Amino acid sequence: MEPDWLKVRTRPFGGRGIRIVGAALMLAVCSGAAEARCQDSPGPGVDWAGCSKARLMLNGEDLSGTKFQRSLLTLSDFAGSKLIEADLSETEISRTRFEKANLTRANFTKALGWRANFAEAILSDAEFASADMNRSNFAQVQASGANFQKAELNRSDFSGANLERANMTKAELSRVIFQQTKLTGVDFSYSNLSRAQLQGAVLQDVSMVGSYLYLTQLGGADLSSVKGLTQAQIDIACGDAQTKLPAGLTVPQAWPCTGNED
């Protein structure tokens, strides 16, 4: 038989009241569990999804498989760390250092990383689809097979990087530096390469179908095997006498141009 105090308190609400109380208790338990999880020590496979972890100093750590999804990692330092297959999707990593880190197959889908530093990092087969990495440093990264589809990379630096077979379709690449970059097999289809620096680049088996090349710097570049390149694209780009064009395309009378026009 139910005690009288229980009858009095539950009768006005019926089953709905019990469900509301149960849901509130469950939310409190889950919230407490999530807060406790965010206090876990760093290590392979740790779950820090949704945690606020700004200004972390984790140089040279093994964080392989760590879950950082939707977390806050601004101004943190992961230089030299191992983050193989780590999940950093939808994570805030602005001004965070990943120099010389191993980020093989790491997931940065929809991450926000304004002025992030990946210099000399390993990014093979990493995912940056729809990420916002404007003004970031990718100098000398090893990013073969990486996916930058629809990523925003304006004013970023890929000088000396290995981007062989990378997917950069529909990416925002305005004023990006690609000097001395390995670009074999890169897909730039429908990307914005306006004012990007490709001087001296060897664009072997590269696709530029529908790419926007307004004032793109092509001085000395070898475009002879580029797929999908049209005369209209070449006419608005900036090359010189050393630029090699695919068969059927001609050097515009406006070349050479400086690329400083508004």
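The values are calculated or read from the model by the stated rules, or taken from the named source; none is laboratory data. The shown structure was predicted, so the numbers you read here are calculated from the model rather than taken from an experiment. Note that each Cβ is placed from the backbone with ideal geometry, even for glycine, and that neighbours are counted across all protein chains shown. Please note that ligands, DNA and RNA were not included when accessible areas were found on the heavy atoms of the full protein model with its side chains. Shrake-Rupley method; radii C 1.70, N 1.55, O 1.52, S 1.80 Å.
A few points about this structure:
- Global geometry of the stretch 85-183, whether rounded, prolate or oblate, following the gyration tensor of its Cα atoms and the 1.5 cut on a/c: rounded
- Global geometry of the stretch 192-261, whether rounded, prolate or oblate, following the gyration tensor of its Cα atoms and the 1.5 cut on a/c: rounded
- Straight-distance crosslink candidates among lysines, where the alpha carbon sits under 28 Å from Lys170 and sequence neighbours closer than 8 are dropped: Lys67, Lys100, Lys110, Lys150, Lys182, Lys227, Lys244
- Accessible surface of the stretch 147-258 [probe 1.4 Å, protein heavy atoms]: carbon and sulfur percent: 46 percent
- Within the stretch 89-103, backbone nitrogen closer than 20 Å to the virtual label 7 Å beyond the Cα of Trp114 toward Cβ: 89-98
- Note on Asp240/Arg95: beta-carbon distance plugged into 1/(1 + (r/R0)^6) with R0 of 51 Å gives a FRET efficiency of 0.90.
- 3J(HN,Hα) along the stretch 160-173: x, 7, 9, 10, 4, 6, 6, 9, 10, 5, 6, 8, 8, 10 Hz, from the Karplus curve 6.51 cos²θ - 1.76 cosθ + 1.60 with θ = phi - 60°, whole Hz, x for Gly and Pro.
- Spin-label model distance (nm) - Val209 vs Arg135, 7 Å beyond Cα toward Cβ: 3.5 nm
- Accessible surface for Cys257 stands near 30 Å², nearest 10, in the context of the full protein assembly shown (1.4 Å probe).
- Å² per residue, accessible surface of the stretch 161-251 at 1.4 Å: 41 Å²
- Exposure of Arg165 as accessible area (Å², to 10), given a probe of 1.4 Å and all protein chains: 150 Å²
- Ranking of Ile93, Ile84 by solvent-accessible surface, largest first: Ile84, Ile93 (1.4 Å probe, protein heavy atoms only, all chains present).
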